[in-house]
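Heads up, the thing below is written out as structure tokens.
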């Protein structure tokens, strides 16, 4: 098969990144923009030994699950890879991703797979957004990057961000254009405004942040008045100085412009005080579903020692603490550990502690001290858990392991390792945290069998 050649192909499956999957001459072809059930013409863009990459040219026979996406930017913006796939089928595909990974990579066939937990209304669910700024034809605009590029797609309203964001951005855009605010240019390292940050809470409060290639926010009093008059729910305006080149979005310096330096959000009955750089789950409705399932699988009675590995800002740890004897959280990001300690104090929870450091170093160190856990909770990044962490857990033999995953393939790899060393996979529940992408969270329960 030649590069740039046009093929006709039937799409029979979908990948973790939302590409359609078909076969030509017994080789797998990944077709960006195609969905399961489509028959398409596609152009070959990359040829490898065992697979090819292609882009859709024309839909010859549309899938019964293909819809017109409600967002006019769905095909150009990199945020929603499968908005053209109806939501019920998105859930089916994600369930299949999890099932196939656990069976094929994890080697498991004797476990309970629960139905994926989806959303009733899968739009406007995100509570945090970072909008890059650009100048297009003499006008400051905000939006998101085209997939795989730093080419900005100007967006008036995003279908998955908080509904207030569009109005807030319009005020900022007017300020920027009225005062000819320069926007940052990656090539020249010149221009002031890099990104606008908006965080929203379940109570409806907003934090607005400006990421600047410099110190000053011009006409900030006028801007503050315009924002807070239109949106009294804005309780915090911050600025962040980021003068370094590269893709690191925020710098280390945060300065209050208006209101408070933090906003308060909640998961279940617990409150979390969040600064501009604080990590917090993006989808509040589905976070509750995810954590409730993790709590169910932990099956705590009040007598257990719990280790929460990759604990972030302590959100799972603190939700577990009410039913545990003691919880120890470990997280590599020191700022997140500090946030976790503050959140424990804010909620008056005293039976938790948080340790900063790489899990692959800290968890084996705990084991060497003779520390034991009855239940271990894992919530690693997409790369999964390090083998040193898994081996330390296996050596310690906790009765139950609850694994929260954001990537099915690495989850399956780690399940295989654990089930080859004394654990049985009991139950699996996928949770749709990110509708209109193919990302899926999964909660699994493993039980010691030795």
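Within segment 110-131, being more than 22 Å from residue 236 (Cα to Cα), touching a helix residue (DSSP H, G or I) at 6+ places or on another chain (Cβ under 8 Å) and not in a loop (DSSP other than H, G, I, E, B) holds for 113, 117.
For residue 286, are the conditions met, namely being under 18 Å from the mean Cα position of the chain (by Cα) and at pLDDT below 95?
Numbers: under 18 Å from the mean Cα position of the chain (by Cα): yes; at pLDDT below 95: no.
No, not satisfied.
Within segment 100-136, being without any contact (Cβ under 8 Å) to a residue 60 or more places away in the chain and surrounded by 17 or more Cβ atoms within 10 Å (Cβ to Cβ) holds for 134, 135.
The single condition from (1) within 23 Å of residue 435 (Cα to Cα); (2) surrounded by fewer than 22 Cβ atoms within 10 Å (Cβ to Cβ); (3) at pLDDT 95 or above that residue 316 fails is (2). Scanning segment 409-436 for residues that are under 20 Å from residue 112 (Cβ atoms) and within 14 Å of the chain's Cα centre (by Cα) gives 431, 432.
If the condition is being in a strand (DSSP E or B) and either closer than 21 Å to residue 94 by Cα or without any contact (Cβ under 8 Å) to a residue 24 or more places away in the chain (or both), then segment 12-38 contributes 13, 14, 20, 21, 22, 23, 28, 29, 30, 31, 32. I'm trying to understand the selection: among the residues of segment 238-266, which are within 28 Å of residue 318 (Cα to Cα) and surrounded by 19 or more Cβ atoms within 10 Å (Cβ to Cβ)? Within segment 238-266, 238, 262, 263, 265 meet the criteria. Taking the criterion of being touching a strand residue (DSSP E or B) at 6+ places or on another chain (Cβ under 7 Å) and buried (at least 21 other Cβ atoms within 10 Å of the Cβ), the residues of segment 206-236 that qualify are 206, 207, 208, 209, 210, 211, 212, 227, 234, 236.
Would you check if residue 50 is at pLDDT 95 or above, surrounded by fewer than 20 Cβ atoms within 10 Å (Cβ to Cβ) and farther than 15 Å from residue 8 by Cα? Spell out the reasoning first.
Details: at pLDDT 95 or above: no; surrounded by fewer than 20 Cβ atoms within 10 Å (Cβ to Cβ): yes; farther than 15 Å from residue 8 by Cα: yes.
Spelling it out, it is not the case that residue 50 is at pLDDT 95 or above, surrounded by fewer than 20 Cβ atoms within 10 Å (Cβ to Cβ) and farther than 15 Å from residue 8 by Cα.
Given the structure, is residue 269 surrounded by fewer than 15 Cβ atoms within 10 Å (Cβ to Cβ) and either more than 28 Å from the chain's Cα centre (by Cα) or over 30 Å from residue 320 (Cβ atoms) (or both)? Taking the combined requirement at face value, the residue does not satisfy it. Looking at segment 31-47 only, could you name the residues that are surrounded by 19 or more Cβ atoms within 10 Å (Cβ to Cβ) and closer than 17 Å to residue 2 by Cβ? Scanning segment 31-47 gives 31, 42, 44. Looking across segment 156-189, the residues that are over 14 Å from residue 133 (Cβ atoms), free of Cβ contacts under 8 Å to residues at least 40 places away in the same chain, out of contact with any strand residue (DSSP E or B) (no Cβ under 8 Å at 6 or more places or on another chain) and not in a helix (DSSP H, G or I) come down to 156, 157, 163, 187, 188. For segment 382-409, which positions are out of contact with any helix residue (DSSP H, G or I) (no Cβ under 9 Å at 6 or more places or on another chain) and either within 21 Å of residue 316 (Cα to Cα) or crowded, with 18+ Cβ neighbours inside 10 Å (or both)? Correct list: 398, 399, 406.
Can you confirm whether residue 95 is touching a strand residue (DSSP E or B) at 6+ places or on another chain (Cβ under 8 Å) and modelled with pLDDT under 95? Considered against the rule, which asks whether it is touching a strand residue (DSSP E or B) at 6+ places or on another chain (Cβ under 8 Å) and modelled with pLDDT under 95, residue 95 comes out as no. Screening the candidates 249, 202, 237 for the property of being under 19 Å from residue 141 (Cβ atoms), in the same structural domain as residue 182 (by TED's automatic domain parsing) and in contact (Cβ under 8 Å) with a residue 24 or more places away in the chain yields one hit, 249.
Residue-level analysis places residue 373 outside the set of residues that are assigned by TED's automatic domain parsing to the domain that holds residue 431, on the phi < 0 side of the Ramachandran plot, free of Cβ contacts under 8 Å to residues at least 40 places away in the same chain and in contact with a strand residue (DSSP E or B) (Cβ under 6 Å, 6 or more places away or on another chain). Does residue 415 meet the test of being surrounded by 22 or more Cβ atoms within 10 Å (Cβ to Cβ), assigned by TED's automatic domain parsing to the domain that holds residue 309, closer than 22 Å to residue 100 by Cα and in contact with a strand residue (DSSP E or B) (Cβ under 9 Å, 6 or more places away or on another chain)? So residue 415 passes the test. For residue 290, all conditions in the list (1) surrounded by 20 or more Cβ atoms within 10 Å (Cβ to Cβ); (2) part of a loop (DSSP other than H, G, I, E, B) hold save one; what is the number of the exception? If we test residue 290 against (1) surrounded by 20 or more Cβ atoms within 10 Å (Cβ to Cβ); (2) part of a loop (DSSP other than H, G, I, E, B), just (2) comes out false. For segment 60-83, a residue qualifies if it is in contact with a strand residue (DSSP E or B) (Cβ under 6 Å, 6 or more places away or on another chain) and either closer than 21 Å to residue 150 by Cβ or part of a loop (DSSP other than H, G, I, E, B) (or both), and the qualifying residues are 65, 73, 76, 77, 78, 79.
Residue 134 is checked against (1) assigned to a loop (DSSP other than H, G, I, E, B); (2) farther than 29 Å from residue 410 by Cβ and fails just one. What number does that condition carry? Failing condition for residue 134: (1). The residues in segment 275-285 that are farther than 16 Å from residue 252 by Cα and crowded, with 19+ Cβ neighbours inside 10 Å can be counted, and the count is 3.
The values are calculated or read from the model by the stated rules, or taken from the named source; none is laboratory data. Everything quoted here is computed from the prediction, not taken from an experiment. Every residue, glycine among them, receives a Cβ derived from its backbone with ideal geometry; neighbour counts consider all protein chains shown.
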